[in-house]
1. Quick one: which helices (runs of 4 or more DSSP H) lie wholly within the stretch 45-135 and hold at least 2 residues that are surrounded by 14 or more Cβ atoms within 10 Å (Cβ to Cβ)?
2. Kindly provide the set of residues from the stretch 159-175 that are closer than 18 Å to TYR59 by Cβ, open to solvent by 80 Å² or more (accessible area, probe 1.4 Å) and either of a type in the set (S, T, N, Q) or outside any helix (DSSP H, G or I) (or both), ordered by number.
3. Out of all the residues in the stretch 84-115, which are in contact with a strand residue (DSSP E or B) (Cβ under 7 Å, 6 or more places away or on another chain) and free of Cβ contacts under 8 Å to residues at least 60 places away in the same chain?
4. How many residues, within the stretch 141-158, are open to solvent by 30 Å² or more (accessible area, probe 1.4 Å) and in contact (Cβ under 8 Å) with a residue 24 or more places away in the chain?
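The values are calculated or read from the model by the stated rules, or taken from the named source; none is laboratory data. Keep in mind the model is a prediction, meaning the values are calculated, not measured. Heads up, the Cβs are rebuilt from the backbone with ideal geometry, glycines too, and the neighbour counts pull from every protein chain shown. For the accessible areas, the whole protein counts, side chains as well, though only heavy atoms, and no ligand, DNA or RNA atoms are used. Shrake-Rupley method; radii C 1.70, N 1.55, O 1.52, S 1.80 Å.
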Amino acid sequence: HDWCTEISHHEIQPGSWYGPGNDEKAEIQFAAEFSWVQESTQDIQTSKETGEGMKYAYYPGCSLHSTGREFDTSLLGVCNKLGVELVEPQEWVCCGSTAAHNVSRLMATALPMTNLALVDEMGLDEVIVPCAECFSKFKIAQHNVKTDKKLRKDVIKAIHNDCNDEVKVLHPLSI
């Protein structure tokens, strides 16, 4: 039974959830009227329309190049439509979210800091990190090199580069 096709034949009511359930229609406590989206965005100009482009480094991480490919495709499409340029650092490495933090604090910090050094080499000071785990690892690494001088020295030695703890790590919804 295809409930998605069935709801297309009905008027969507605010405050209702249309999906699989005992009766195919279960009430929920929140839902917005869909017209407010159009009304609240009709006066927004995209950066393409204003001529003011925005450019960010873009760290997709391993997941957005594999199991999260649809997220990557949709994010790139939306940003393109809005005139936001996302540029992947060349030769980025895994942030270490899978096992690095269990193996070594140095490795767990050095991997994200390697990527932040690449962002700095691109001449950019902001990086968009959509994967929640990667985002977390980047923020933790920045915090660790700011607060632990010995770890910072060890990371610099390991990555053969300075620790750029000033790069702004951003979620896509914050731009």
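1. Output list reads 61-64, 69-82, 100-103, 105-121.
2. Matches in the stretch 159-175: GLU166, LYS168.
3. GLU85, LEU86, VAL87, GLU88, PRO89
4. 2
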